[in-house]
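The values are calculated or read from the model by the stated rules, or taken from the named source; none is laboratory data. All values derive from a computational prediction rather than experimental measurement. Neighbour counts run over all protein chains shown; Cβ positions are idealised from the backbone, glycine included.
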Amino acid sequence: MQINPPIEHLNEPVLRFARKDFTTLNQRLTVEQALAFIRQRGVGEKIVYFYAVNDDEQLVGVVPTRRLLMAPLEKSLVDLMIRQVIAIPHTATVMEACEVFVLHKFFAFPVIDENRRVVGLVDVGLFTEEVFDIAEREQLSEVFETLGFHVSQVRDASPWRAFRIRFPWLLTTIVSGTFCAFLAGAYHLTLEKSLVIAFFLTLILGLGESVGIQSMTVTIQSLRTSRLSWSWYGRSLWREISTALLLGLACGLVVGLIVLAWQRAPLPAFVIGASVTFCLLTACVAGLSVPASLHALKLDPKIAAGPLTLAVADVFTLFFYFNLAKFLL
């Protein structure tokens, strides 16, 4: 039998892999009645939790097995159950279910439909035994990579090998930093004319780098589960531009007001605020485009994307910043 690659499993509906041998208990039952019901009906192969439902079969709580066995027989499940239940919607993918396991660290989760009726159960064993089929050892690296955990990260690399992998990309930072220094030198008259521009240079570059790294991280994670295409890039670009405009306008307004309150200078406040907006927009686009381009070229974006993203963002930010200051101040 041919086994699908793990990446395909991750995008399939989790309901396809959910177990059906779960047991639900009416919340009005006592512990004694619940145990009698379980003995009569039987339980599934692996039971970690029992799920309490109301008269309409809607999920209202969860009863851990240990709590059920240790409670007094006359105690009602209403008083015993945990009302805050974390459930997985039946429309979720396997990847989304994995994220729920990572975030909440329970052994099992119920799968519910739009009416909160339990339609399945997923547990940790499902992912290791059925979905990913760990007997296929050659597929393990791809699975861990997709989930955000690279096998090579736990292996000790020699200092020389780590140097050879990382140094060429750090040269990008050196080159871009040198170019930015020359660029600042070319606009030294502008900086001398308005020193407040120089005061906020570090802040603008820092904001751009922070947003660029955030956007790059999201893009790399997305590329693990999505196929790179022009349609994917278009949707992602629109999302990043919209996010960047909101971030840029908010941060630009805050920084501009700070400059205005401090220096009482409207034009420098506008230049710095507008530059912040453009900086974040450029950083978001670079954070998306650089990893996507490296991925298309079959290069590892995790190592190379950071220096390249920061280099692109810094150069375009300074070019815009200095030119806007030159023409308006």
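Tell me which residues, restricted to the range 51-85, are loosely packed, with under 12 Cβ neighbours inside 10 Å and under 30 Å from residue 12 (Cα atoms). Even if it seems obvious, please write down each step before you answer.
Start the filter on the range 51-85 by keeping residues that are loosely packed, with under 12 Cβ neighbours inside 10 Å, which leaves 55-56, 66, 69-70, 72-74, 79, 83-84.
Selection gives 56, 83, 84.
Of the residues examined, residue 288 is not one that is surrounded by fewer than 15 Cβ atoms within 10 Å (Cβ to Cβ) and either outside the structural domain of residue 204 (by TED's automatic domain parsing) or aliphatic (A, V, I, L, M) (or both).
Okay, residues lined up against (1) at pLDDT below 75; (2) surrounded by 14 or more Cβ atoms within 10 Å (Cβ to Cβ):
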position	(1), (2)
161	yes, no
180	yes, yes
185	no, no
188	yes, no
194	yes, yes
204	no, yes
